[in-house]
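In what follows, a structure is listed as structure tokens, so that the remarks can point back to it.
Read the figures in this text as sums done on the coordinates, not as results from a lab. Just so it is clear, the structure is predicted and the values come from calculations on it, not from any experiment. Positions of Cβ are backbone-derived with ideal geometry, glycine not excepted, and every protein chain shown enters the neighbour counts.
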Amino acid sequence: MPVTIDITPDPPRPSARGTLWQLVAILAGAFVLQIAGAALALAVPLRMALDGQAAAMIGLAGSASSIGFLAGCLGAGLLVRPVGHIRAFAVLASVQAIVTLAFALSSDPWLWIALRLVNGVVNAAQFVIVESWVLDRTPETLRGRMMSIYVVCSRAGLILGQTLPLAFPGAGYELFLAASAFYSLALVPVALNRAPSPAPPPAIAVMSLRDLFSVAPVSIVACFYVGLVGSAAFNVLPLYGVGVGLGNVAISALAASLQLGSLLIQWPLGWISDRSDRRAVMIGASAATVLGAIPLVALGQMPFLPLAVLVALAIGGCQAVYAIAVAHALDFAGRERTVALSSSLMLVWGVGASIGPLAAATAMEWLGPSGLFVHAAIFSLAFIGFATWRMTRRKPRPPEEREPFVDMPPTLPTAPRLDPRNEPDDARR
């Protein structure tokens, strides 16, 4: 009886260098996506404000984007599972490019609100693909460093995207054309990537509100607060700039200063929070928001440099609260619940982000441009009061029993799986 010998060579295993280049390609796509998304997020409210649209409509457009983002987080797997990561990403990039170009076809605010809703859905789905892909290709021993690289790429893309209007000082529809081009460009490194398509995105594990409050009530309120205030500033800051008489270039620089302020404030506060009560650090960051907001409300117009510093302090302080809130919650959660906890807190942030732009725009409609910072100060004071009260109800964990701080901006429910704090102790060793 003849014997058949299989001489087909085993498929080559990717080398460490090959895996590195695959990750670089995926991160490059994410970086370009952030540039496109930040440019579009600035172009829409800026163009609506210059066209004289009502503040409530501008706020509604920002809220629509956040609502779409939440829907995209929850439903991305429905697209990815049947066709795979590369095909799904290609489809989504094409849809984003078309949707972005559609802004230039009509100035109807209701159409723009609908387009922002679609944009939010697709944007979330794209990042679910990117983050699950990075998670799949990153060895466990490198996840901490990969999380840091991912955060840097994300923040750098946001800053560069918000400076893109500097190349188009007329603030015309060229901004939409540029953002559309970047959405298409994001497809290039991903489509050329030779990495195998990973398993479908993992199901989003979440906790009930009761369980969330039992673990860390300050964290859930903090994440809602950051979404309510930080997302509002991100989406309606151009309306404020137009209201106080800034030009398009100055508005772009002001938006970039907001992100830069958050980046500069985050790490020192995180370092301090590892050595003291994290709730006190969150209170201090929220107090910085109040201190920055008071002169912005009281003085109105001022030279650009102090204006940019105060905006960076006010909104950067608020945005820095999110990562500290996640770290505080993880101090009290069991290791087996950390992914579900982090994902649930991100969804709470998303709910706040869905409400914040419309609430802030309504305040601006009633109070003028300074209403944005009245909105920020009121909710910051409310959070300070709640966190101060909670400090009388529970003692902080000793520093030696805490999880180390990791800068984790609100992105997606898949991102927490990259967080090295979510790995078993033996994997981290």
Ranked output for segments 80-92, 34-46, 60-72 by mean other Cβ atoms within 10 Å, highest leading, reads 34-46, 60-72, 80-92
Residue-ordered couplings for region 33-48, obtained by feeding phi - 60° into the Karplus form 6.51 cos²θ - 1.76 cosθ + 1.60 and rounding to whole Hz (Gly and Pro as x), are 4, 5, 4, 5, x, 5, 4, 5, 4, 7, 5, 5, x, 5, 5, 5
Karplus ³J(HN,Hα) for region 57-64 (6.51 cos²θ - 1.76 cosθ + 1.60, θ = phi - 60°; Hz, whole; x = Gly/Pro) runs 5, 5, x, 5, 5, x, 5, 4
For region 229-308, take every pair of Cα atoms, bin their distances at 10 Å starting from 0, and report each bin as a whole percent. 15, 46, 27, 11, 1
Over the C-alpha atoms of region 269-322, what are the Rg and the largest Cα-to-Cα span, Dmax, in Å? 12.5, 39
To the nearest 20 debye, what charge dipole does region 11-136 have about its Cα centre, counting +1 at the Cβ of each Lys and Arg and -1 at the Cβ of each Asp and Glu? 340
Protection-proxy order for peptides 301-307, 209-215, 133-139, 355-361, each taking the mean of Cβ atoms within 10 Å per residue, highest first: 355-361, 133-139, 209-215, 301-307
The orientation-averaged projected area of the Cα convex hull of region 198-333, in nm², is 10.6
List the pair-distance distribution P(r) of region 80-184, using every Cα-Cα distance, as the percent of pairs falling in each 10 Å bin from 0 up to the bin containing the longest distance, rounded to whole percents. 13, 36, 34, 14, 3, 0
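Per the Kirkwood formula on distinct C-alpha pairs, the Rh of region 27-134 is how many angstrom?
Values: mean 1/r = 0.0706 Å⁻¹.
Its Kirkwood hydrodynamic radius stands at 14.2 Å.
Can you give the convex hull volume of the alpha carbon atoms of region 308-385 per residue, in Å³?
Hull volume over Cα atoms, normalised by residue count, gives 94 Å³.
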